[in-house]
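Notes follow once the structure below has been shown.
FYI, it's all coordinate maths here, none of it is from the lab. All figures in this text were calculated on a predicted structure; none of them were measured in a lab. Counting neighbours? That spans all protein chains shown, and the Cβs are built from the backbone with ideal geometry, glycine included.
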């Protein structure tokens with residue numbers, strides 16, 4: 001039988017499998033990435049306390065186009081700067097079931113270049 005589940009449902013299954021393995025703490029929060037068609041979002045999450053420490057998105061940065069590599073790099077730099085203001089230098093990268101390619105990779109590499117360790 002042909003698998004009729006949608007691409008997003010399969011991504012969410014991969015996401016939940018990965019979430020069993022790692023959790024964010026106050027010292028090393030989880031850098032969660034969400035990629036939509038037109039924008040990209042990143043959050044620093046402390047899973048132990050259940051709160052978001054910092055967030056950045058291409059929508060909040062008011063970029064001309066939020067669905068390209070340049071926007072992902074800008075969001076990566078912004079989230080790294082906001083992490084530094086919170087006193088965070090190391091994170092756990094959560095790609096949320098997306099392949100480490102394209103915009104997700106550009107965001108991660110920009111965050112690393114701006115000083116985050118993961």
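Here are some notes:
- If you go through the range 57-82 and pick out every residue that is touching a strand residue (DSSP E or B) at 6+ places or on another chain (Cβ under 6 Å) and over 18 Å from residue 102 (Cβ atoms), you end up with 2.
- Only residues that are part of a strand (DSSP E or B) and touching a residue at least 60 places away in the same chain (Cβ under 8 Å) were counted in the range 5-58, giving 8.
- Every residue from the range 47-65 that is out of contact with any helix residue (DSSP H, G or I) (no Cβ under 9 Å at 6 or more places or on another chain) and either within 15 Å of residue 107 (Cα to Cα) or crowded, with 19+ Cβ neighbours inside 10 Å (or both): 59
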